[in-house]
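What follows is a single structure, written as structure tokens, with notes after it.
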Amino acid sequence: MIKKRKMKSYTEVYAVGQYISMSAHKARRVIDQIRGRSYEETLMILELMPYRACFPIFKLVYSAAANASHNKGFNESNLVIRKAEVNEGNTVKKLKPRARGRSYPIKKHTCHIIIVLEDMSLYEESDEYLMSFKKTIWGNKNTKIVCHDTYGSGGLWDKK
């Protein structure tokens with residue numbers, strides 16, 4: 001079940017997917033890869049990732065973009081994923097019959113996914129604004145990496 005709602009902001013549109021039958025942990029693994037990226041780049045990433053969680057997230061991103069273009073008239077090439085979050089939903093608990101009259105519990109987890117898209121054409125400094133959402137791994141390129149030997153003599157785990 002996919003719900004689409006408008007937000008109060010004039011540049012944001014979002015789509016909500018509720019009771020999606022997968023663990024929230026597995027969906028967060030995919031959501032972390034697309035947060036802060038452009039709409040077109042997100043679709044390419046989701047098509048090429050080998051996880052089962054990609055398809056419902058792909059549908060939600062596509063639905064939010066269709067909502068943005070239809071309801072607010074935004075161009076899809078200017079859309080950026082502003083916020084993407086995964087919350088835990090209900091857990092369906094069942095009992096599977098086993099040998100000798102015993103039973104085995106089965107837990108089926110669900111999650112709720114929220115995708116918020118923002119139109120970047122209204123911002124004058126869209127490149128700088130877009131870079132504020134992207135994750136930087138190293139910061140600037142002059143960063144020095146220092147490795148400490150914790151297993152050598154005098155280290156943390158020295159057993160002498």
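The values are calculated or read from the model by the stated rules, or taken from the named source; none is laboratory data. Since the structure is predicted, the reported quantities are computational estimates derived from the model, not experimental observations. Backbone-built Cβ (ideal geometry, glycine too); neighbour counts: all protein chains shown. We work out accessible area using only protein heavy atoms, side chains counted, and drop any ligands, DNA or RNA first. Shrake-Rupley method; radii C 1.70, N 1.55, O 1.52, S 1.80 Å.
In terms of the Cα gyration tensor, with a ≥ b ≥ c the square roots of its eigenvalues, is the range 12-138 rounded because a/c is under 1.5, prolate because a/b exceeds b/c, or oblate?
It is prolate, given that a/c is not under 1.5 and a/b is the larger ratio.
Please report the accessible area of Asp32 (heavy atoms, 1.4 Å probe, ligands and nucleic acids excluded) in Å², nearest 10.
Here the accessible area works out near 60 Å².
Could the peptides 68-76, 15-23, 97-105 be put in order, highest first, of the mean number of other beta-carbon atoms found within 10 Å of their residues?
15-23, 68-76, 97-105
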